[in-house]
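Q: This structure is in structure tokens; I'll ask about it shortly.
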Amino acid sequence: MRKQRLCALDELEEKQARGYRMSASRGQEISLIVVRQGKDIHVYLNRCPHTGVNLEWQPDRFFDMENKFLQCATHGALFRPEDGYCVRGPCAGDSLQAVPAWVSDGWVVVET
């Protein structure tokens, strides 16, 4: 496993999700979603469990209109930001794949 700084915590506003791309093991590039809720950080692979496509329809546009759920732009599936669980849509009951992450010295760090 490899630990890598992804972004400064201050780059993320409360109740905001942003997309990041990074190199993983063996030079493979992955797309991530980082969600900030207070001091909590949640990181997921940016890949819908139903279709395998990225969730956003525009860069960093992950939340639904009410800013309550992460939403797949392809088919409207809704995911809880705190655990990635799909509450509505064709992949209901599935979850986004979580990536181990934490905050250290003001940085969001992920393990790939």
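Q: Percent of Cα-Cα pairs more than 21 Å apart in the chain, please. Could the numbers behind the result be given before it?
A: Values: 1938 of 6216 pairs.
Across the chain, Cα pairs with separations above 21 Å total 31 percent.
Q: Hey, could you grab the Kirkwood Rh for the stretch 11-66? Inverse mean 1/r over distinct alpha carbon pairs, Å, one decimal.
A: Computed over the stretch 11-66, the radius equals 12.1 Å.
Q: Contact order normalised by length for the chain, with contacts defined as Cα pairs under 8 Å and 6 or more residues apart; what percent is it?
A: Reported as a whole number, the value is 28 percent.
Q: For the stretch 73-112, restrict the atom set to alpha-carbon positions and state the Rg and Dmax in Å.
A: When restricted to Cα atoms, the stretch 73-112 yields Rg and Dmax of 13.1, 39 Å.
No value in this document is a laboratory result; all are computed from the given coordinates. What you see is a predicted model, and the numbers here were worked out from it, not measured in a lab.
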